Each structure stands twice: as structure tokens, then as C-alpha cells.
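The values are calculated or read from the model by the stated rules, or taken from the named source; none is laboratory data. Keep in mind the model is a prediction, meaning the values are calculated, not measured. Glycine gets a Cβ as well: all are built from the backbone with ideal geometry, and neighbour counts include every protein chain shown. Surface accessibility is based on the protein's heavy atoms, side chains included, excluding ligands, DNA and RNA. Shrake-Rupley method; radii C 1.70, N 1.55, O 1.52, S 1.80 Å.
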Amino acid sequence: MITQTAASNDAPSGPRRTRVKICGLTRPQDLDEAVAAGVDAIGLVFYPPSRRCLTLEQAADLRARVPAFVDVTALFVNPDAQAVRQVIEAVRPDLLQFHGEESPGFCADFGMRHIKAFRAGAPGLETAATLARACEAYGQAAGWLFDSYSAGYGGSGSGFDTTLLADVSRGPGVPALVLSGGLKAETVGAQIAALEPFAVDVSSGVESAPGIKDPARIQAFMRAVRAADAAGMP
Ligand SMILES: O=C(O)c1ccccc1NCC(=O)[C@H](O)[C@H](O)COP(=O)(O)O
């Protein structure tokens, strides 16, 4: 296990620039707002019980609006492989994101960069040691996303006890630490200062209703992230 480095957002050195992903986009105007606000990635949900779930056609239309240098992430919960392949074919995401009990092999099987999400505090993930051990099995992931433990697997707007991240390996060559779960403009700065994640991920905290993003909240969230990074500059 690589011991926790002192570096901010897992980078060996240099100024901090916390990456930002806004997830659960459903409307073209919201996607345009997120891109204009400077996000690094957007997330498209393919989990039918979610009110943010998209059809392949809706997702392809959104994906077509995303410019270069902004990643498109396709998000699943315990999908069958065929459903993932259909999304890859129709949407051409840059990254896959798995929020369920998918095995390391299943996640890696598509030959694409992927993020594995962990519900901190879920059964078997109730301590820093067990959470860190669970992550280690997903060493091929490009990122480890830590979310709260919710029945809906994500998008809950709830936070979690981030001391559970204390033993998670960090540093070069280790999947990036992505902090998620109930973040909003009012709280993300303190979370960045305390944890120095490589990236933050938000859905509910920039919404006026499920799947409906609020431009003012998106802009406030981005300002808060940039202010936290500026405050942490060496
Ligand atoms: O957004 C959803 O509805 C969703 C449903 C099931 C699994 C994941 C989902 N969202 C994925 C995300 O990465 C969210 O951004 C993350 O769970 C944080 O959500 P929030 O607490 O609302 O900011």
C-alpha cells in the first residue's frame, strides 16, 4: 500500500487544480452551462431507477455538444455487459463509471478507462481499513470515487464521514481520489482544504430539482472550488 502522500490532489508537486465533474445532466442548456463554467467532466446516468437516467438518444445528443478537453463519463449500477456495450457504441463516452458491486474484472473488461465508486459506510465498508482494502482490488481503475451510502447507489445529496478515507492509498500511479456525496458550493471548499482530492463530483448540490441543474449553483460551485485551490497555492 502506498502511504498517503502530502501532495495536494495526488500530484507530486505544483499548484493545486482540483478537477470537477458534474453528474446527472439531462438537458442541453445545463450541459452548456457546465462547460461554460469550466468543468473537467460531465456524467451521464444509465441507471433506470434514477430520475436522471437518459435514453441512448438523449445521451448521444448531449454528448454531441461536449467540446474537446471535457470528458464524458457514462455511469452504471450493476449493469449487464450488453447494456454497457450499447452505451459505448451509441454515446462514445471517454470514461465508464460503476457504482454497484461490479467486479474488478467486469469493470476492466470493456478496455476503457473507468472509475469505480464506493459507498463509504456501506456494509463491509464501515471502517477506513475495510474501505482502503476494497479499493486496492480495483487498481486498474483511473479513479476511485467515494460517495455516501444510499439505497439509490448515488445522487442522494448526502455526505459521509470522510475520516473513512484516511487509509486510502494516494499518489502517482494510484487511481485518482474523487470526492463525492452531498457536495455543494457552501461546503466543497472546506472539503478540498481538508482532503485535497484529485477531483470533486457533484449532482444534487447544483440542482433546483432532480436532473435540473441551476446555472447559479453551478457557477457558485466552480467559484468555491477555484477559491479553495487558490487558497492552497504554495
Ligand atoms: O445521479 C444519480 O441519480 C445516480 C444514481 C445512481 C448511481 C449514481 C448516481 N449519480 C452518480 C454520481 O456520481 C453523483 O454525482 C454522486 O452520487 C453524488 O451525487 P450528489 O450527492 O447528489 O452530489
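In µm²/s, what is D for region 19-231 at 20 °C and 1.002 mPa s, where D = kT/(6 pi eta Rh) by Stokes-Einstein and Rh is the Kirkwood radius from Cα pairs? The diffusion coefficient I find is 126 µm²/s.
With viscosity set to 0.692 mPa s and temperature to 37 °C, compute the Stokes-Einstein D of region 1-144, Rh being the Kirkwood radius across alpha carbon pairs; µm²/s, no decimals. Don't skip to the answer; put the middle values down first.
Numbers: Rh = 16.4 Å.
It diffuses with D of about 200 µm²/s by this estimate.
Among the protein heavy atoms, those of F160 account for about 40 Å² of accessible surface (1.4 Å probe, every chain in place). Taken along its principal axes, the alpha carbon cloud of region 55-126 reaches lengths of 40, 24, 21 Å, longest axis first. Among beta bridges identified by DSSP and lying wholly in the chain, the antiparallel ones come to about 5 percent.
Considering only protein heavy atoms, what per residue accessible area in square angstrom results for region 19-231 with a 1.4 angstrom probe? Intermediate results must be reported in sequence, preceding the final value.
On the way: 8730 Å² over 213 residues.
With all protein chains present, region 19-231 gives 41 Å² per residue.
For the chain, carbon and sulfur atoms together expose 54% of the accessible surface, with a 1.4 angstrom probe and every protein chain in place.
Between Q86 and R113, what's the calculated FRET efficiency when r is the beta-carbon distance and R0 is 22 Å? Round to 0.05. Could you put the intermediate results ahead of the total?
On the way: r = 19 Å, r/R0 = 0.85.
That gives a FRET efficiency of 0.75.
Take the Cβ atoms of A193 and E101, set R0 to 41 Å, and the FRET efficiency comes out at 0.80. Note on F146: accessible area is roughly 0 Å² with a 1.4 Å probe, heavy atoms of protein only.
Each peptide among 121-128, 148-155, 94-101 gets the average number of other Cβ atoms lying within 10 Å of its residues, and from highest to lowest they stand as 94-101, 148-155, 121-128.
Which value in deg cm²/dmol, rounded to the nearest 500, describes the helix-derived mean residue ellipticity at 222 nm for the chain, given -39,500 (n - 2.57) per DSSP H run of n ≥ 4 and division by the residue count? Helix contribution divided over all residues of the chain: -9000 deg cm²/dmol.
Between the amide H of A176 and those of G143, W144, distances stay under 5 Å, these residues lying 5 or more places away or on another chain, with hydrogens modeled in the peptide plane. Annotation for A60 and S208: the two label points, set 7 Å from Cα along the Cα-Cβ direction, are 3.1 nm apart. Accessible surface comparison of M233, M112, M222, probe 1.4 Å, protein chains only, largest first: the order is M233, M112, M222. Counting only residues at least eight positions apart within a chain, or on another chain, the lysines with an alpha carbon under 22 Å from that of K213 are K21, K184. Under a model in which nothing but the beta-carbon of Lys, Arg (+1) and Asp, Glu (-1) is charged, the chain shows a dipole of about 360 debye around its Cα centre.
Put the Cα centre of region 158-234 next to the Cα centre of region 33-91 and the gap is 20 Å. Taking every protein chain into account, the 1.4 Å probe leaves E207 with about 10 Å² of accessible area, to the nearest ten.
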